[in-house]
1. Out of all the residues in the stretch 21-64, which are within 27 Å of Ser112 (Cβ to Cβ), loosely packed, with under 14 Cβ neighbours inside 10 Å and free of Cβ contacts under 8 Å to residues at least 12 places away in the same chain?
2. More than 25 Å from Ser33 (Cβ to Cβ) and either at pLDDT below 85 or in a loop (DSSP other than H, G, I, E, B) (or both): does that describe Lys153?
Amino acid sequence: MAGGQLQCAKIRMNCTNPEKYLCANCDIPSILSMDILGRVAQVGDRKIILSLCCASLIYYKGTGHELNVTCGPQCARENQFAKGRSVVNQEPSSSKKANACFVCQQRNVVHSFELLHVPSRTMRYYFLCSKHNLSTAIIASIGDEYDLLKALKLNKKL
């Protein structure tokens, strides 16, 4: 939630305790309230941001349209979090799997994953060979290329 506005029509304020919210469908009071204005939030393997035009939660694809102040294709139903199916994080195609390791350029890669490339503000695939591979727990906590380099150095893979 941002700015005190409810993003889901099924969330209701608890009358006995106005500080708490609860789900109208299942009466579960475990609803998180967080401010993601100007931040990228990660939910599972999806990256979401708050749209600047209509304050809806949208998938961050790194196209640059997500930061527009007027509604456009970024606000379409299929790009909104929890409203449609998004193709943001599909498995890499077979041509992308043939790319080289990020560290040593070896063609025999064992792990591929998507990260934010900050200079171009786009999501890009990164590949690691068996020698430079990191655990899935570490990769899940990496947000961009800078974090990847830092993790590789800390784990003595670089």
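1. Arg39, Gly44 - these are the residues of the stretch 21-64 that are within 27 Å of Ser112 (Cβ to Cβ), loosely packed, with under 14 Cβ neighbours inside 10 Å and free of Cβ contacts under 8 Å to residues at least 12 places away in the same chain.
2. no
Results for (1) part of a helix (DSSP H, G or I); (2) under 29 Å from Leu52 (Cα atoms); (3) modelled with pLDDT of 85 or more, shown as yes or no for each residue.
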| position | (1), (2), (3) |
| --- | --- |
| Ala82 | no, yes, no |
| Ser86 | no, yes, no |
| Gln105 | no, no, yes |
| Ser120 | no, yes, no |
| Asn133 | no, no, yes |
| Ile142 | no, yes, yes |
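The values are calculated or read from the model by the stated rules, or taken from the named source; none is laboratory data. Keep in mind the model is a prediction, meaning the values are calculated, not measured. Please note: Cβ atoms are built from the backbone with ideal geometry, for glycine as well, and neighbour counts cover all protein chains shown.
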